[in-house]
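Everything below concerns the one structure shown next.
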Amino acid sequence: MGAALFRAALTGVLGEWTASGAWSEADARRVGAMIAAENARRVHRIPAAGAPVGED
């Protein structure tokens with residue numbers, strides 16, 4: 001449930017910023033992907049790309 005609410009909220013914010021002209025669609029997609037990837041790494045304890053094992 002928390003993940004669904006997060007996605008809905010993120011989609012809403014990024015959609016509003018895109019619709020207002022503050023961000024391009026490409027920028028909104030890129031930032032959304034970065035946020036989602038970082039959250040997934042943190043939740044599932046996956047090290048960042050290039051980070052030594054045990055350091056992220």
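Counting the residues of segment 22-54 that are open to solvent by less than 90 Å² (accessible area, probe 1.4 Å) and in a helix (DSSP H, G or I) gives 12.
Scanning segment 1-21 for residues that are open to solvent by 90 Å² or more (accessible area, probe 1.4 Å) and either in contact with a Leu (Cβ under 6 Å, 6 or more places away or on another chain) or assigned to a loop (DSSP other than H, G, I, E, B) (or both) returns a single hit, MET1. Within segment 1-36, being without any contact (Cβ under 8 Å) to a residue 24 or more places away in the chain and of a type in the set (Val, Ile, Thr) holds for THR11, VAL13, THR18, VAL31. Inside segment 1-54, residues that are touching a helix residue (DSSP H, G or I) at 6+ places or on another chain (Cβ under 8 Å) and β-branched (Val, Ile, Thr) make up a count of 5.
The values are calculated or read from the model by the stated rules, or taken from the named source; none is laboratory data. Being a predicted model, the structure only gives us computed values, none of them experimental. As a convention, Cβ positions derive from the backbone with ideal geometry for all residues, glycine included, and neighbour counts pool all protein chains shown. Surface areas here come from the heavy atoms of the whole protein model, side chains and all, with no ligands, DNA or RNA. Shrake-Rupley method; radii C 1.70, N 1.55, O 1.52, S 1.80 Å.
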